[in-house]
Amino acid sequence: MQLRKDPITRSWVITGDDPVGHVHEDRICPFCPDSPTQPQVISSQAPVGGWPWSARAVVHPNPVFRVEGEASRRGEGLYDQMRTVGAHEILIENPNHNRQLWDATDSEIEQFLLLAAGRIQDLKQDQRFKYVTIYKNFGSAAGQDFNHPTSELTATTFVPRRILYELRAGKDYFLQKERCVFCDILDQEERQAVRIIENRGDYVALCPYAPRVPYETWIMQRSHEAFFEKGVTARNSGVRDLAALVRRTLKRIRTLSDAFHLVLHTAPNTLHRSEVLGYWKTITDDYHWHIEVMPVLPGKAKSYTYKEVYFTPVSPESAAERLRETPPE
Ligand SMILES: [Zn+2]
Ligand SMILES: [Zn+2]
Ligand SMILES: [Zn+2]
């Protein structure tokens, strides 16, 4: 497998004739604390409530990216390619096989969020990695791989396309107005209060003005912060509020959809500046981390996958109203 760059959109794709098959669990779950086949553990969070650990990062049993070696970026005429160097980890959200994020306690989710922040900070020490993210695919329609409550982490030698769009847009807006576009969006949304779902402490859940799928939801921090990993590990970050908001938001979405994608958008690795990407000086001011949740509704997922012009037959105003009406207990 190798990474190839689309010269038009500048996005990297993984391709080759050795596709990574989906890993399916055997009868014995490899991620349960008492599993006889323990995965290689990278990092564990302190126990909460009688379990040996609360959340932990393990090596992905069938990784898309491999941690050894150099990316070996090279040209092929006008094209660019590189090896699939990176990190690919499973973040076990909870030791309990049957406790997904929306059923977990806030202190359990807090440990998971702190684990995620710690892994991102750790991997950003590696100068090969330009971007580290966390995502979760839940439900068969979203490509869920494991029954155990897990998210995945990837560290890549490139910045994904959607993040590049956001970084460029954030920078352009800042150059014009000397303000963060995400902070401005949040200010206006809180004033209008039509697309806000809920807020908890410093964190807000809302339906974005121009959604890509019905019930698309963002979770944002009110205080400006480009880096998720700095935001949640800061003193007085109120990470417990974020945990509660993640739990309650997923619970709301689950009343409308069996499947969803969740992805963390945070600033790229600025510890080691890339000549190729040309990081700008204002990134800590013009970018703002957030979580995006994209529900997968039956029959509506296809328009997102193939057309690239998003058609969303539920307005974000109705979506927020509907999501507000389905409060978690
Ligand atoms: Zn399990
Ligand atoms: Zn901001
Ligand atoms: Zn985003």
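Things worth noting here:
- Any pair with Cβ under 7 angstrom, 6 or more apart, that starts in segment 215-242 at a residue that is within 16 Å of Ile134 (Cα to Cα) and ends at one that is of a type in the set (S, T, N, Q) and within 14 Å of ligand 3 (Cβ to nearest atom): Phe227/Thr266; Phe228/Thr266; Glu229/Thr266; Gly231/Gln221
- Condition met for Val204 (buried (at least 18 other Cβ atoms within 10 Å of the Cβ), without any contact (Cβ under 8 Å) to a residue 60 or more places away in the chain, β-branched (Val, Ile, Thr) and within 13 Å of ligand 2 (Cβ to nearest atom)): yes
- Subset tally (residues that are of a type outside the set (A, V, I, L, M), modelled with pLDDT of 90 or more and either closer than 24 Å to Gln45 by Cβ or in a loop (DSSP other than H, G, I, E, B) (or both)) for segment 62-95: 7
- Of the criteria (1) out of contact with any Asp or Glu (no Cβ under 7 Å at 6 or more places or on another chain); (2) more than 16 Å from ligand 2 (Cβ to nearest atom); (3) basic (Lys, Arg), which one Arg195 fails: (1)
- Scope segment 237-247; condition surrounded by 19 or more Cβ atoms within 10 Å (Cβ to Cβ) and either among the aliphatic types (A, V, I, L, M) or modelled with pLDDT of 95 or more (or both); matching residues: Val239, Leu242, Ala243, Ala244, Leu245, Val246, Arg247
- Within segment 147-185, being buried (at least 17 other Cβ atoms within 10 Å of the Cβ), over 30 Å from His60 (Cβ atoms) and either without any contact (Cβ under 8 Å) to a residue 40 or more places away in the chain or under 19 Å from the mean Cα position of the chain (by Cα) (or both) holds for Gly170, Phe182, Ile185.
- Residues of segment 268-307 that turn out to be farther than 15 Å from Val246 by Cα and modelled with pLDDT of 95 or more, as a count: 2
- Inside segment 186-201, residues that are under 20 Å from the mean Cα position of the chain (by Cα) and surrounded by fewer than 18 Cβ atoms within 10 Å (Cβ to Cβ) make up a count of 1.
- In segment 110-129, the residues that are more than 16 Å from Phe227 (Cβ to Cβ) reach residues that are surrounded by fewer than 21 Cβ atoms within 10 Å (Cβ to Cβ) and of a type in the set (Lys, Arg) with C-beta atoms within less than 7 angstrom, at least six apart or across chains, in these pairs: Glu110/Arg240.
So that you can scan it fast, the table gives a plain yes or no per residue for (1) crowded, with 16+ Cβ neighbours inside 10 Å; (2) more than 16 Å from ligand 1 (Cβ to nearest atom); (3) closer than 18 Å to Ala155 by Cα:
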{"position": "Pro7", "(1), (2), (3)": "no, yes, no"}
{"position": "Arg10", "(1), (2), (3)": "no, yes, no"}
{"position": "Ser43", "(1), (2), (3)": "no, yes, yes"}
{"position": "Val58", "(1), (2), (3)": "yes, no, yes"}
{"position": "Gln81", "(1), (2), (3)": "yes, yes, yes"}
{"position": "Gly86", "(1), (2), (3)": "yes, yes, yes"}
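- Tally, over segment 207-236, of residues that are among the charged types (D, E, K, R), in a loop (DSSP other than H, G, I, E, B) and surrounded by 21 or more Cβ atoms within 10 Å (Cβ to Cβ): 2
- Condition broken by Val48, with the remaining ones in (1) in a loop (DSSP other than H, G, I, E, B); (2) out of contact with any Ser or Thr (no Cβ under 7 Å at 6 or more places or on another chain) satisfied: (2)
The values are calculated or read from the model by the stated rules, or taken from the named source; none is laboratory data. These numbers come from a predicted model, not from an experiment. Every residue, glycine among them, receives a Cβ derived from its backbone with ideal geometry; neighbour counts consider all protein chains shown.
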